[in-house]
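A short worksheet on the structure shown next.
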Amino acid sequence: MDLTELTENVYEIPQEGEMRAPARVFASEPLLRKMQEEGRTLGQIRNVAALPGIQKYSLVLPDGHLGYGFPIGGVAAVSAEDGVVSPGGIGFDINCGVRVLRTDLDYADVEGHEQELVERLYDLVPCGLGKGGYVDVDREDLDGILEDGIEWMAQAGHARPADLAHCEEEGRLDGDPDAVPDDAKRRGVKQVGSLGSGNHFLEVQRVADIYDDETAEAYGLREDGVVVMIHSGSRGLGHQVCQDYIRRFEKTYPDLVDSLPDRQLVYAPLGDQAAEDYLGAMNAAANFAWANRQAMTQAVREAFLDLFGTDDVELVYDVCHNVAKEETHEVDGEQREVLVHRKGATRAFPAGHPEIPGAYRDVGQPVLLPGSMGTHSYVLAGGERSMDLTFGSTAHGAGRLKSRTQAKKDYEAGDLQQRLRSEGVYVKARSGETVAEEAPGAYKDVDEVVRVSDALGIGTKVARMRPIANVKG
DNA sequence: ATGTCC
């Protein structure tokens with residue numbers, strides 16, 4: 001494959017064949033080599049560049065790896081006028097995302113209580129593939145959640161005003177409950193406030209390093225402060241939405257499917273009823289994911305009040321990793337309305353952008369970037385170069401290196417938990433298999449991913465957190 | 001990611 005280095009950490013695959021634009025890889029040489037070794041990631045981003053209406057270039061971020069049709073860690077902006085929406089460019093777990101809560105506790109307050117903390121959180125937050133959520137809702141409530149996201153949660157007494165203000169899109173996109181299939185609703189009604197499985201986790205962390213004092217202060221982060229990171233998504237509901245709409249698109253556009261280099265790229269032209277319905281359902285599933293992370297926030301508040309007598313547990317920010325959004329971006333010197341597909345990518349708007357909450361507007365949007373289990377996580381700030389280079393986006397995590405199957409062969413849950421325990425990290429998991437799948441060795445080096453984001457100026461380092469206790473599915 | 005196969 002033809003690949004040229006444009007500048008440090010920027011590579012371009014020139015436009016050729018079916019491509020309607022070039023493709024770009026934002027990675028260091030070692031991270032690029034990992035994508036090349038995997039084999040298909042760069043082919044996927046080249047396929048994405050063939051989408052109708054693609055703007056500038058399709059791109060993959062430093063944590064990129066193989067996904068369904070589109071790579072995870074990929075961004076594709078298409079014209080809002082004559083572009084398309086492709087569910088594979090958003091992912092099965094619609095609005096999978098991360099939030100960080102800060103507490104008024106220091107590490108010393110929690111030290112010695114890790115075991116009871118991890119047990120309490122595990123008891124309060126249903127996790128793994130089972131049923132049940134922290135917040136009980138009926139079908140009418142669910143429609144409210146699908147329509148209004150965290151706004152509904154606030155009205156029902158499950159969110160504080162600052163929880164709305166400190167959330168991407170204030171926790172609400174324009175969702176259409178009627179576009180969400182009944183099967184998806186049936187799954188979702190039991191899962192408001194449930195963690196899920198795989199790489200989802202709820203982790204108590206301490207702020208170990210501050211790289212940018214002013215921004216950390218604006219975000220309410222201080223060295224040795226205790227924070228909680230929640231990584232989860234739209235559970236069975238989002239999965240069912242994605243699956244049902246992929247099927248509907250395949251039936252609606254059979255000739256298209258046959259003509260694609262990969263049927264997983266199936267899409268619908270914006271403006272078609274199928275596309276409008278999918279976007280309404282996707283937004284509703286995004287609202288559900290926000291309500292889900294919000295419900296778990298309430299569980300965390302209950303645990304901290306019980307164990308430490310504090311309810312000063314405030315949302316720093318909440319970001320989506322898997323969603324498409326209509327945004328305005330400069331392309332060829334003009335402002336254009338585009339639909340930005342982000343799949344395993346974080347919006348990273350720079351200081352001054354109008355869509356950043358007032359409290360953070362002078363320093364840039366918080367970017368929450370989890371590492372792998374037992375390693376550290378980061379808070380970054382949206383960087384000045386992100387609008388120019390990556391449609392206002394940066395990486396979303398360490399990025400998987402080994403398949404789940406391979407990780408299960410290579411690691412043993414007991415050994416991992418024991419080793420992490422010796423490092424002061426308490427891991428409680430529903431499933432040993434999940435622990436093995438999520439072994440740190442199955443992931444790329446999060447420090448290297450963050451280094452590249454920082455060097456590119458798309459998301460710059462603010463703080464690094466070390467884990468204390470981790471609840472997994 | 002996912003009632004990991006309606």
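Remarks
- Spans of strands (runs of 3 or more DSSP E) in the stretch A:260-346 with at least 2 residues touching a residue at least 24 places away in the same chain (Cβ under 8 Å), farther than 24 Å from A:Glu250 by Cβ and within 16 Å of the chain's Cα centre (by Cα): A:313-320
- The residues in the stretch A:51-69 that are buried (at least 24 other Cβ atoms within 10 Å of the Cβ) and either of a type in the set (Lys, Arg) or within 14 Å of A:His321 (Cα to Cα) (or both) can be counted, and the count is 4.
- A:Val78 vs. criteria more than 16 Å from DNA strand B (Cβ to nearest atom), crowded, with 24+ Cβ neighbours inside 10 Å and under 29 Å from A:Arg400 (Cβ atoms): yes
- Leading residue by the ranking (nearest to A:Val84 (Cα to Cα)) among those in the stretch A:237-262 that are within 16 Å of DNA strand B (Cβ to nearest atom) and surrounded by fewer than 15 Cβ atoms within 10 Å (Cβ to Cβ): A:Glu250
- Residues located in the stretch A:239-265, provided they are of a type in the set (Asp, Glu) and closer than 20 Å to A:Glu276 by Cβ: A:Asp244, A:Glu250
- Every residue from the stretch A:438-473 that is within 16 Å of DNA strand B (Cβ to nearest atom), within 22 Å of A:Thr390 (Cα to Cα) and in a loop (DSSP other than H, G, I, E, B): A:Lys444
- Members of the stretch A:1-21 that are without any contact (Cβ under 8 Å) to a residue 40 or more places away in the chain and farther than 23 Å from A:Val266 by Cβ: A:Asp2, A:Leu3, A:Thr4, A:Glu5, A:Leu6, A:Thr7, A:Tyr11, A:Pro14
- A:Arg160 being crowded, with 19+ Cβ neighbours inside 10 Å and within 20 Å of A:Gly97 (Cβ to Cβ): yes
- Qualifying residue in the stretch A:313-332 (condition: among the polar types (S, T, N, Q) and surrounded by fewer than 22 Cβ atoms within 10 Å (Cβ to Cβ)): yes
- Residue, farthest from DNA strand B (Cβ to nearest atom), within the stretch A:225-236, restricted to residues that are outside any strand (DSSP E or B) and buried (at least 24 other Cβ atoms within 10 Å of the Cβ): A:Ser234
- Scope the stretch A:390-437; condition part of a helix (DSSP H, G or I), away from DNA strand B (no atom under 16 Å from the Cβ) and crowded, with 23+ Cβ neighbours inside 10 Å; matching residues: A:Thr390
- Within the stretch A:371-381, not a single residue is crowded, with 21+ Cβ neighbours inside 10 Å and assigned to a helix (DSSP H, G or I).
Where a number appears in this text, it was derived from the coordinates with a stated rule and is not lab data. Remember, it's a predicted structure, so these values are computed and weren't measured experimentally. So basically every Cβ, Gly included, is an ideal-geometry build from the backbone, and we count neighbours across all protein chains shown.
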